[in-house]
Amino acid sequence: MTAKKGTQANQSIIDGFAVLQALAMSEDPIGSRELARRLGMETTRVNRLLKTLAYMGITQQTPNRKYVPGPGMHVLATQSLYASRLLRSAIAPLEKLAFFGHTVALGVLWQDSVSFLYHRRPGMASAEAIGRIGLRPATTSGIGMALLSCEEDEYLEQLFDAREVPGFDDGLPALKQALAEIKESGFARIQVQSDLPEAPDKPTHTIAVPVGLDTKAAVAISGWIPESASLDIADALKTTTEEIRGSLQQAKPA
């Protein structure tokens, strides 16, 4: 967890969110000892945080005393989507991008990761596309790279200080160079792993454009995209972001 300089971070809140996020990402019920091992925290502290979250209804225990998300977590998820209005404003514009016959996505940047609010493969219903994929490293994602290109160098240095940068063997300098090129062009185009289970080795690129309005969100199209088609797809994505911004601005109270 990286805090910007000048902030007074509350470690208890940071640890509570770390526990909550790790629990949300676990595919199976998980005990406090295993969760502590994954997070590198003391078991007693994790156990105390889990019990507090369970008291609030955000987590709950199974009969074998492991933890799973509770109803409070679903309430928080629903309230956050309602409050941001981002997903509701984006679905209709995103559906128009199905014309290209590729995967269409909307994701948000958080720290060094991307969370996909919408990730729709060709032929998939919009309802199936919501919340379908978990966190991905931002530096291996077109959406992540598009959004990181909007950040200041100081933030990138804090985020990746003395750490490996996924997808960049030469570390932070190589990442900064790639982000500078994205910023100049106005969109990201990066090679990614294929999302299609029937063709896992198919050459795949993602083109992504930030939404703007301080949403920390970007829209993307991913698939077999020849270089010659990049500008047309980027233009379509920019039109989509304009529609999303317009919808968000209309939704603001007067």
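Values as computed for the structure displayed
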item	result
Residue check for SER222: within 20 Å of GLY123 (Cβ to Cβ) and touching a Pro at 6+ places or on another chain (Cβ under 7 Å)	no
Which numbered condition ALA22 misses (of (1) surrounded by 15 or more Cβ atoms within 10 Å (Cβ to Cβ); (2) under 20 Å from the mean Cα position of the chain (by Cα); (3) closer than 30 Å to TRP224 by Cβ)	(3)
Residue within the stretch 91-100 that is surrounded by 15 or more Cβ atoms within 10 Å (Cβ to Cβ), in contact (Cβ under 8 Å) with a residue 24 or more places away in the chain and farther than 30 Å from MET145 by Cβ present	no
Residue list for the stretch 1-19, restricted to those being over 23 Å from the mean Cα position of the chain (by Cα), open to solvent by less than 100 Å² (accessible area, probe 1.4 Å) and at pLDDT below 80	GLY6, THR7
Restricting the stretch 182-206 to residues that are small (Gly, Ala, Ser) and surrounded by fewer than 19 Cβ atoms within 10 Å (Cβ to Cβ), the residue that is farthest from ALA229 (Cα to Cα)	ALA199
The lone exception for TYR67 - which of (1) farther than 30 Å from LEU248 by Cβ; (2) without any contact (Cβ under 8 Å) to a residue 12 or more places away in the chain; (3) among the aromatic types (Phe, Trp, Tyr) it fails	(2)
First in the stretch 175-186 and under 15 Å from THR139 (Cα atoms), second anywhere and modelled with pLDDT under 95 and surrounded by fewer than 15 Cβ atoms within 10 Å (Cβ to Cβ), Cβ under 7 Å, 6 or more apart	LYS176/ASP153
Hits in the stretch 79-90 - residues which are surrounded by 15 or more Cβ atoms within 10 Å (Cβ to Cβ) and within 30 Å of GLN61 (Cβ to Cβ)	LEU81
Selection from the stretch 50-89 of residues that are within 22 Å of the chain's Cα centre (by Cα) and basic (Lys, Arg)	ARG85, ARG88
The lone exception for GLY142 - which of (1) more than 21 Å from TRP110 (Cβ to Cβ); (2) touching a residue at least 12 places away in the same chain (Cβ under 8 Å); (3) of a type in the set (Gly, Ala, Ser) it fails	(1)
Checklist (1) open to solvent by 40 Å² or more (accessible area, probe 1.4 Å); (2) touching a residue at least 60 places away in the same chain (Cβ under 8 Å) applied to LEU76, failing item	(2)
Given (1) open to solvent by less than 50 Å² (accessible area, probe 1.4 Å); (2) under 24 Å from the mean Cα position of the chain (by Cα), index of the condition VAL46 fails	(2)
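This table checks each residue for (1) outside any helix (DSSP H, G or I); (2) surrounded by 13 or more Cβ atoms within 10 Å (Cβ to Cβ); (3) basic (Lys, Arg).
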position: ARG136; (1), (2), (3): yes, yes, yes
position: THR139; (1), (2), (3): no, yes, no
position: GLY144; (1), (2), (3): no, yes, no
position: LEU156; (1), (2), (3): no, yes, no
position: ARG163; (1), (2), (3): yes, no, yes
position: PRO173; (1), (2), (3): no, no, no
position: GLN177; (1), (2), (3): no, no, no
position: ALA180; (1), (2), (3): no, no, no
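The values are calculated or read from the model by the stated rules, or taken from the named source; none is laboratory data. This structure is a prediction, so every number in the text was calculated from the model and none was measured. Neighbour counts are summed over all protein chains in view; Cβ atoms, including those assigned to glycine, are modelled from backbone coordinates with ideal geometry. The protein model used for the area step is the full one, side chains on, heavy atoms only, and it has no ligands, DNA or RNA in it. Shrake-Rupley method; radii C 1.70, N 1.55, O 1.52, S 1.80 Å.
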